[in-house]
Amino acid sequence: MSARNRGTELDQVGGATEEGVDLPSSLHPTGMHTSGFGCFPMEPEALNLSWISKMQVNQPAVLRRAQQIQARRTVKKEWQAAWLLKAVTFIDLTTLSGDDTSSNIQRLCYKAKYPIREDLLKTLNMHDKGLTTAAVCVYPARVCDAVRALKAAGCTIPVASVATGFPAGQTHLKTRLEEIRLAVEDGATEIDVVINRTLVLTGQWEALYDEIRQFRKACGEAHLKTILATGELGSLTNVYKASMIAMMAGSDFIKTSTGKETVNATFPVAIVMLRAIRDFFWKTGNKVGFKPAGGIRSAKDSLAWLSLVKEELGDEWLTPDLFRIGASTLLSDIERQVCNNPLSWDKLTSVFLRKKRKIPYWAMRTREKTSSDLPHCTQTSAFIQANPHLKWADWTRERECA
Amino acid sequence: MFMGYFPSVQDKNWGGQRGAGVPLPKDSGQKLSSPSCLPDPILNSLRLPQAWLDTQDRHLGHYVNGKWLKPEHRNSVPCQDPITGERLAICLQAQAEDVVAAVEAAGTAFENWSGLPGASRAQHLLRLAKMIQKHQRLLWTLESLVTGRAVREVRDGDVPLAQQLLQYHAVQAYTQEEVLAGWEPMGVIGLILSPTFSFLEMMWRICPALAVGCTVVVLVPPASPTPLLLAQLAGELGSFPGILNVISGPASLGPVLASQPGVQKVTFCGAIEEGRALRRTLAGKGAELGLALGAESLLMLTEAADVDSAVEGVVDAAWSDRSAGGLRLLIQESVWDETMRRLQERMARLRGGRGLDGAVDMGARGAAAHDLAQRYVREARSQGAQVFQAGAVPSDSPFFPPTLVSDLPPASPCTQAEVPWPVVVASPFRTAKEALAVANGTPRGASASVWSERLGQALELGYGLRVGTVWINAHGLRNAEVPTGGCKESGSSWSGGPDGLYEYLRPSGTPARLSYFSENLNYGTFGLAVPSTLPAGPEIGPSPATPYGLLIGGHFQAPGARSSRPIQDAQGNLHGYVAEGGAKDIRGAVEAAHQAAPGWVGQSPGARATLLWALATALERREAALTSRLERHGTELKDAKVEVELSARQLRAWGARAQAQGHVLQVAGLKGPVLRLREPLGVLAIVCPDEWPLLAFVSLLAAALAHGNTVVLVPSGACPIPALELCQDMAALLPAGLVNVVTGDRDHLTRCLALHQDVQALWYFGSAQGSQFVEWASAGNLKPVWVNRGCPWAWDQEAKGAGRELGLRAARTKALWLPMGD
């Protein structure tokens, strides 16, 4: 089991509505922002085509689920503010335009270091918690600028670089690999590669696996985020298969889109990718991260993405190690929202610091207690709750024993 | 763990600050739960329904004739919040005189309402839809507060659907004169709801009734204010106050409502056993009875399915507060482990809590539903089943966690019993064929979904399931345009679409239904004994002698009793002997019909038409013989000729009509078609009338065969010989077992057929007593019955003999949803 599977260390974010939200690790006074991942990059798995051969995704059903999930978990007031700040810590602050120069890269890095206005944070009593975005993301040629700017600002926010013929991926493999090596040399610690869509559309899964393996190798110590460009894959089934292949080949993250396709990050696609991530976790015990990118502009959207990840994968994925949002304009909208809802700091801290209640709501005694039965839970369910890290195979074995 | 159940906050600091700022409705706040312990959004939603309850002084009566009716000296029941148990209001219980008043009001309103042009009724329904739109927040908060269901489902599902229903039926009312020509509204409709069904079920039924011009009296269980609110909204439109009357009272008032003179039809939504009891009570009473029973659903998950999406389907079906009942889940063995793991993982993410919280998946449904589920789970566990419940909920909590039961022994009572909310009973299957057998083996047949990415397999299963609604790769979709109903024990009442409209229509000119109840009919002995028959004198008649024997399984055979029955002609002379069939022959005939059924269903309508046309030709060839037989029984020569001619025409007409059956619906919000299929009822037993001995026999037979049924017929008692003549051709032309004809004592044969559990539908044309018995006995397997209540029919009239009513009765509808997309 790889070093990434650290379920116990990961901070838990509380419920979506009215539950207290525990302090995110990056906001924790003692846990100042450490550089991106606290662990080693992912080891590749051997290619196993049987994991994808039978898979079929039903598109209308996924669309229905996507529609439901957006309305199902709404957060309001101070919880919303807390969730928005949490969302800030997941942002890969991005600029990917032809007219990037060192000056706007510098501004971007400053924004990454101070994502929310200081006075706002002060009202929220969050100014000394080291709130930053998760990373900055730039073109390979701008990596040097970004690294320099961040060093000048005195912070350790990682620099991510797109690579491998971004955004189309239609260049020779040799130059694509070289691109990665150069970006890493320049100081990028995270590489966002695009996959070759041709290989997906023609069903050459082995070739795709080999390419991503080579990307992985070229990255060295840097983390690999694989962009699937889902808008160009044709079907949700292909999205699932490409996700699986990318994970088997050792990606640390799978990312929805480049932001340059006509269709960017959508909920149906995200649901399929998150399910693939869960399946991969169940099969190998390795946690792979998820990064939606492109088209996420409003604060409301970002909350929906957070709740989507929480619903499909659980709280342990709500950490910058395993969840990122690639966005350029989202941050200013979040800032605006936080600004529009001035909340007294005691309220917000009460949300952050409130412990889980001792008496849950359902324990309210409204019906006469007639019997002495204990809460029912079969042996197996108790067992699986006590051992969440165990794989399914172990669990079934245990069931037979019990 | 079953996450959540945390919305309410016991935290004093936090709650205190909150509550202080919120003004509460005057004079009600203190009676209610301490308001400081509820979070803001819930508290806000609470105020609206409570303000409405305050307008009634927390004292709800009935809504009759556009006014609140609060009679004195009535028992009352408290209406409680199912979660906190606090008293929200007091509801008066109706008594018989309140029911009488409501039926009278509806009767008076019917005069005006049914006389209106369809366009005006459409206008009124649209105004009601607008009214609901204006007050939708009150509607959904009240419903969620009282029933405990998640407000999200009510808000995003039920209320928009209620509006859509009104809009759809407004259009139907508008086009009524054109499309539904030849049909008229029945009159006053009684609707009885049981506590498990929400106000939406009421909307499904009152909308078509009101659209076609009927007026409605709804009996709701005590402590359900939402239907009362709806009635008030309708009443406040002013113009037609008495068209919708709602009274709340105990279930025992159901028969009282049903037996009011003037009530033409009663629709009952509730539990299967209650429906069965009501069927027995109402035998022979005036009103027709429509049953919509049970709430269990079925989900079939094959190995070719998108398992994650299917798991969401299970959530939609059982754990999302969308449906009223539990789910039977059939999983193919090869994906069993994977599915169970995913299900359990998904269950842990479900969030329960107070229904008014917008982020809650499952609310609580009150003590009755809780106890039902508790009993079922305890029973299942005691029989050795594996029970998985996500999270531990104390036994005295009002909440019941989502529950997954597996490994239930096949022979245990729980396997057969209806699965209650929110339980899912999973069982494995090996092949699709086996799954179909298991699914069709349950006595219920309301709805099912099939999950498979293989188109051929999905369609095969979808067509094969004996249920009212099948969704392919989806679960729980509903739309006003798509008929919803069931078969087998789920009752045969339909709502929505054209089928919903016909429920409340009858062919123009049909006399009003009156009670023909006979006190001295003894169900235990009716038709039990067969009168003994003796030789009855010299046999004079044309040669060759009349056929003797019963047509069973394609050939004539001697009756089990080995005795015969004399048939007299119009002069009282002996015409001939026919076989005296009995219980044993009926058994044989039904079995033969069952064996022939798959073959006949598999025939294309074209092939069926060809056979019917061939039969028509054969009939014409026998014209001379048939005419003379009829003449001998007292028919005028001219009339006899007409009867034979009409009979041939009926066969051809039904043959031609068999071609055009179901059709495709296009539904808003769904990509892909919904097929409205017309499927055969199965083995249909027909007891033919004495009048028009040949024509009635042929009309009924032709309609039944054209729709793919296999039949067991009892021909006219007085004059069975023309029908038997025709049997000789049928034995030669038709596949064996398709048509079985049994002669004998009609009461005795009726008894055997009505009590037979494998007869899937029964049409009875005979005496009033026989009709009453048939209605009573049909409660056994809840087979749909059609009786003439002792009234003779004019079979030579187009409306009767070849009417659309016959076509409607001869097949049942199935809605097959086919969402598409890639």
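Taking first residues from segment B:218-239 that are in a helix (DSSP H, G or I) and partners that are among the acidic types (Asp, Glu), the Cβ contacts under 7 Å between residues at least 6 apart in sequence or on separate chains come to B:Thr226/B:Glu143.
Residue by residue, here is whether (1) crowded, with 18+ Cβ neighbours inside 10 Å; (2) in a helix (DSSP H, G or I) holds:
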residue: B:Pro559; (1), (2): yes, no
residue: B:Gly572; (1), (2): no, no
residue: B:Lys584; (1), (2): no, yes
residue: B:Thr610; (1), (2): no, yes
residue: B:Ala616; (1), (2): yes, yes
residue: B:Lys638; (1), (2): no, yes
residue: B:Ala656; (1), (2): no, yes
residue: B:Lys671; (1), (2): no, no
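Residues that are of a type in the set (Gly, Ala, Ser) and more than 7 Å from chain A (Cβ to nearest Cβ) within segment B:377-401 comprise B:Ala380, B:Ser382, B:Gly384, B:Ala385, B:Ala390, B:Gly391, listed in sequence order. Checked against the criterion of being out of contact with any Leu (no Cβ under 8 Å at 6 or more places or on another chain) and in a strand (DSSP E or B), the candidates B:Arg629, B:Arg678 yield just one match: B:Arg678. Total residues in segment B:280-325 satisfying the condition of being in contact with a helix residue (DSSP H, G or I) (Cβ under 9 Å, 6 or more places away or on another chain), open to solvent by 20 Å² or more (accessible area, probe 1.4 Å) and more than 24 Å from B:Ala439 (Cα to Cα): the figure is 4. Of the residues in segment B:345-376, how many are more than 28 Å from A:Trp282 (Cβ to Cβ) and either surrounded by fewer than 24 Cβ atoms within 10 Å (Cβ to Cβ) or within 10 Å of chain A (Cβ to nearest Cβ) (or both)? Residues that pass the stated criteria total 16.
Taking residues in segment B:131-153 that are away from chain A (no Cβ under 14 Å), and partners anywhere that are among the acidic types (Asp, Glu) and open to solvent by less than 20 Å² (accessible area, probe 1.4 Å), the pairs with Cβ atoms closer than 6 Å and at least 6 places apart or on different chains are B:Arg149/B:Asp321. Assessment of segment A:319-328 against the conditions (within 14 Å of A:Ala112 (Cα to Cα) and hydrophobic (A, V, I, L, M, F, W, C)) yields at least one matching residue. Evaluating B:Ala435 against the criteria (1) crowded, with 21+ Cβ neighbours inside 10 Å; (2) under 23 Å from B:Leu465 (Cβ atoms); (3) within 13 Å of chain A (Cβ to nearest Cβ); (4) among the small types (Gly, Ala, Ser) leaves one unmet condition, (3).
Which of the residues belonging to segment B:313-323 are assigned to a helix (DSSP H, G or I) and more than 13 Å from chain A (Cβ to nearest Cβ)? Residue satisfying the conditions is B:Ala318 alone. Within segment A:53-91, restricting attention to residues that are of a type in the set (Gly, Ala, Ser) and touching a residue at least 24 places away in the same chain (Cβ under 8 Å), the residue that is farthest from the other protein chains (Cβ to nearest Cβ) is A:Ala87. One residue alone among B:Arg430, B:Arg454 is open to solvent by 50 Å² or more (accessible area, probe 1.4 Å), out of contact with any Phe, Trp or Tyr (no Cβ under 6 Å at 6 or more places or on another chain), within 11 Å of chain A (Cβ to nearest Cβ) and in contact (Cβ under 8 Å) with a residue 40 or more places away in the chain, and that residue is B:Arg454.
Number of residues in segment A:315-334 that are surrounded by 20 or more Cβ atoms within 10 Å (Cβ to Cβ) and within 14 Å of chain B (Cβ to nearest Cβ) equals 3. Considering B:Ala310, B:Ala304, B:Ala295, the condition of being of a type outside the set (Phe, Trp, Tyr), within 11 Å of chain A (Cβ to nearest Cβ) and not in a helix (DSSP H, G or I) is satisfied by B:Ala304 alone. Do we find that B:Arg121 is open to solvent by 30 Å² or more (accessible area, probe 1.4 Å), in a helix (DSSP H, G or I) and more than 24 Å from B:Gly366 (Cβ to Cβ) in this structure? Answer is no for this residue. Total residues in segment A:120-151 satisfying the condition of being farther than 10 Å from A:Leu93 by Cβ, assigned to a loop (DSSP other than H, G, I, E, B) and small (Gly, Ala, Ser): the figure is 1. Consider segment A:92-119 and keep the residues that are among the basic types (Lys, Arg) and assigned to a helix (DSSP H, G or I). The one that is farthest from the other protein chains (Cβ to nearest Cβ) is A:Arg107.
The values are calculated or read from the model by the stated rules, or taken from the named source; none is laboratory data. Computed from a predicted structure; not experimentally measured. Quick reminder, even Gly has a Cβ in these numbers, built from the backbone with ideal geometry, and neighbours come from all protein chains shown. Heads up: the accessible areas ignore ligands, DNA and RNA and are worked out on the full protein's heavy atoms, side chains in. Shrake-Rupley method; radii C 1.70, N 1.55, O 1.52, S 1.80 Å.
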